[in-house]
Amino acid sequence: MSLLDKMKALVAFYDEVLSMPHRSEIARELRDQDDLFLFMLYSEMLGIPNPAYYYTLELYPYMMEQFHDWHLRVGMDKSPMTGFRCC
């Protein structure tokens with residue numbers, strides 16, 4: 001094992017030690033950012049004007065798998081959109 005590999009392992013260990021107590025906070029923040037992004041993506045369908053609606057249309061096929069988990073996580077028991085049957 002070269003000195004460079006040992007240094008990389010040491011830096012990785014140091015990063016792991018520093019981030020260990022904050023894992024739940026980091027996961028919650030990432031989930032909140034994901035929720036906000038999905039809200040912005042589907043806001044036009046929920047009745048909130050979205051100036052970037054034209055550009056976000058391309059993302060719908062990729063986000064449909066996450067839509068069900070999102071609307072359950074934000075507290076909606078059923079899909080808020082009549083055209084989408086995910087439940």
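Observations on the structure shown:
- Within the range 1-15, the set of residues being outside any loop (DSSP other than H, G, I, E, B) and open to solvent by less than 80 Å² (accessible area, probe 1.4 Å) comprises ASP5, ALA9, ALA12.
- Scanning the range 1-45 for residues that are under 12 Å from the mean Cα position of the chain (by Cα) and among the charged types (D, E, K, R) returns ARG28, GLU29, ARG31, ASP32, ASP34, ASP35.
- PRO21, sole failed condition from (1) loosely packed, with under 11 Cβ neighbours inside 10 Å; (2) farther than 21 Å from MET63 by Cβ; (3) modelled with pLDDT of 85 or more: (3)
- All conditions in (1) closer than 13 Å to ARG73 by Cβ; (2) acidic (Asp, Glu); (3) surrounded by fewer than 11 Cβ atoms within 10 Å (Cβ to Cβ) hold for ASP34, with the sole exception of (3).
- Condition met for PRO61 (free of Cβ contacts under 8 Å to residues at least 40 places away in the same chain, open to solvent by 80 Å² or more (accessible area, probe 1.4 Å) and outside any helix (DSSP H, G or I)): no
- Every test in (1) modelled with pLDDT of 80 or more; (2) open to solvent by less than 100 Å² (accessible area, probe 1.4 Å); (3) in a helix (DSSP H, G or I) is passed by HIS71 save one, and that test is (1).
The values are calculated or read from the model by the stated rules, or taken from the named source; none is laboratory data. Predicted model, so just to flag it, every value in this text is computed and none were measured. Glycine also receives a Cβ, built like all others from the backbone with ideal geometry; neighbour counts cover every protein chain displayed. Just so you know, the surface numbers come from the protein's heavy atoms only, side chains and all, with ligands and any DNA or RNA stripped out. Shrake-Rupley method; radii C 1.70, N 1.55, O 1.52, S 1.80 Å.
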